[in-house]
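Structure, as structure tokens:
The values are calculated or read from the model by the stated rules, or taken from the named source; none is laboratory data. The structure presented is a predicted model; accordingly, all values stated were derived computationally and were not measured. No Cβ is skipped: glycine too gets one built from the backbone with ideal geometry, and neighbour counts run over all protein chains shown.
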Amino acid sequence: MITHCISTYRNLNYLKLAVESVRKYSYYKDAPFIIHSDRSNDDGTNEWLLNNSEKYNLTLIIRDLNPSGIGPGMNICAENVETEYINFLHSDFYVTPNWDLALMNVHNKFPDKKLWVNSFRIEPNMFGDKDRPGTHFVPKEAFGAYYDDFQPTHMLRYASELANMNDFLIPKGEGVSGLVRKDWWDHIGGNDKLFAPTSWDDMDLFLRMLNEGGKFIMPTRSVVYHFGARGSHRLEENNGQSSDRQRKAEAANAQKFFSKWKGLPTFDQYGMVKGIK
């Protein structure tokens with residue numbers, strides 16, 4: 001019914017946690033699982049994937065000679081999906097029990113082909129952020145802000161209590177992760193490779209979906225722990241800050257977005273992109 005997909009870039013320690021949690025806590029734990037690895041040979045990612053592909057039943061797409069970027073890598077994953085639904089994850093997620101079933105329940109409740117359903121997030125508060133719709137920040141020492149101090153048992157208990165206390169739907173997409181029908185993804189064309197390797201691609205994708213009648217729903221029953229952009233730029237060697245590579249990519253892609261859309265995005269009260277100004 002669904003295929004789990006991750007596109008990753010040199011993020012081995014968090015990727016391990018993500019893969020292990022998906023196979024342990026997903027309702028569809030035996031679903032096909034595709035990993036796209038982009039330029040990740042030097043940090044040991046590819047070696048770990050090759051050594052553990054059978055254990056976790058992974059289909060691997062390794063791109064070292066012809067790099068594509070995280071966003072276009074999601075398109076490559078989607079091209080290899082044979083199920084009705086694609087379940088995209090970031091490589092710095094740790095999922096909680098039945099998170100994927102909660103996403104599927106929304107699709108079943110609202111059987112609209114043009115639907116994007118994504119998970120409520122818990123994140124360690126690295127920079128003094130305040131809660132926003134769809135994301136709940138906790139002190140970084142609560143469950144661990146890094147792969148080596150992460151405390152999954154405590155986090156899972158907290159996530160369960162949070163999900164049971166809150167049962168509502170937020171009209172919002174949060175990053176390019178979530179459960180979507182493959183035919184809808186294919187129709188929209190996936191991520192625009194203009195924004196490779198990453199940054200601003202989510203707003204571009206969501207605007208294209210909105211322009212064709214797409215709907216966005218985030219159920220608070222589906223919870224993931226998000227380490228906070230460790231899949232792309234807030235790396236340990238930068239003390240949790242964005243790398244120079246990421247800052248340059250964001251600036252360049254902001255210009256590309258402006259050129260493509262002839263303006264900058266506007267947002268609603270939930271923080272969901274809604275149009276162009």
Can you say whether K260 is at pLDDT 95 or above and either touching a strand residue (DSSP E or B) at 6+ places or on another chain (Cβ under 6 Å) or assigned to a helix (DSSP H, G or I) (or both), as far as the supplied structure shows?
yes
Can you pull out the residues in the stretch 194-252 that are modelled with pLDDT of 70 or more, among the polar types (S, T, N, Q) and within 29 Å of L156 (Cβ to Cβ)?
T198, T220, S222
Could you please find all residues in the stretch 47-75 being modelled with pLDDT under 95 and over 30 Å from N98 (Cβ atoms)?
I62, R63, D64, L65, N66, P67, S68, G69, P72
One residue is enough: does the stretch 128-149 have a residue meeting the conditions in contact with a Cys (Cβ under 8 Å, 6 or more places away or on another chain), surrounded by fewer than 23 Cβ atoms within 10 Å (Cβ to Cβ), under 23 Å from L15 (Cβ atoms) and of a type in the set (A, V, I, L, M)?
no
Criterion (in contact with an Asp or Glu (Cβ under 8 Å, 6 or more places away or on another chain), under 20 Å from S21 (Cα atoms) and surrounded by 20 or more Cβ atoms within 10 Å (Cβ to Cβ)) met by exactly one of V117, V176
V176
For the stretch 124-153, how many residues meet the condition of being touching a strand residue (DSSP E or B) at 6+ places or on another chain (Cβ under 8 Å) and in a strand (DSSP E or B)?
7
Examine the stretch 161-172 for a residue that is in contact with a Lys or Arg (Cβ under 9 Å, 6 or more places away or on another chain), of a type outside the set (K, R), crowded, with 17+ Cβ neighbours inside 10 Å and more than 30 Å from W261 (Cβ to Cβ), and state whether such a residue exists.
yes
When the stretch 1-25 is examined, which residues are found to be part of a loop (DSSP other than H, G, I, E, B) and either surrounded by fewer than 17 Cβ atoms within 10 Å (Cβ to Cβ) or more than 16 Å from the chain's Cα centre (by Cα) (or both)?
M1
Restricting to the stretch 8-20, count the residues that are farther than 16 Å from D149 by Cα and at pLDDT 95 or above.
2
Quick check: anything in the stretch 26-41 within 16 Å of the chain's Cα centre (by Cα) and polar (S, T, N, Q)?
yes
Enumeration of residues in the stretch 167-202 that are part of a loop (DSSP other than H, G, I, E, B), under 26 Å from R132 (Cα atoms) and in contact with a Leu (Cβ under 8 Å, 6 or more places away or on another chain):
V176, S177, N191
Considering residues of the stretch 26-49 that are touching a strand residue (DSSP E or B) at 6+ places or on another chain (Cβ under 7 Å) and part of a helix (DSSP H, G or I) only, the residue surrounded by the most Cβ atoms within 10 Å (Cβ to Cβ):
T45
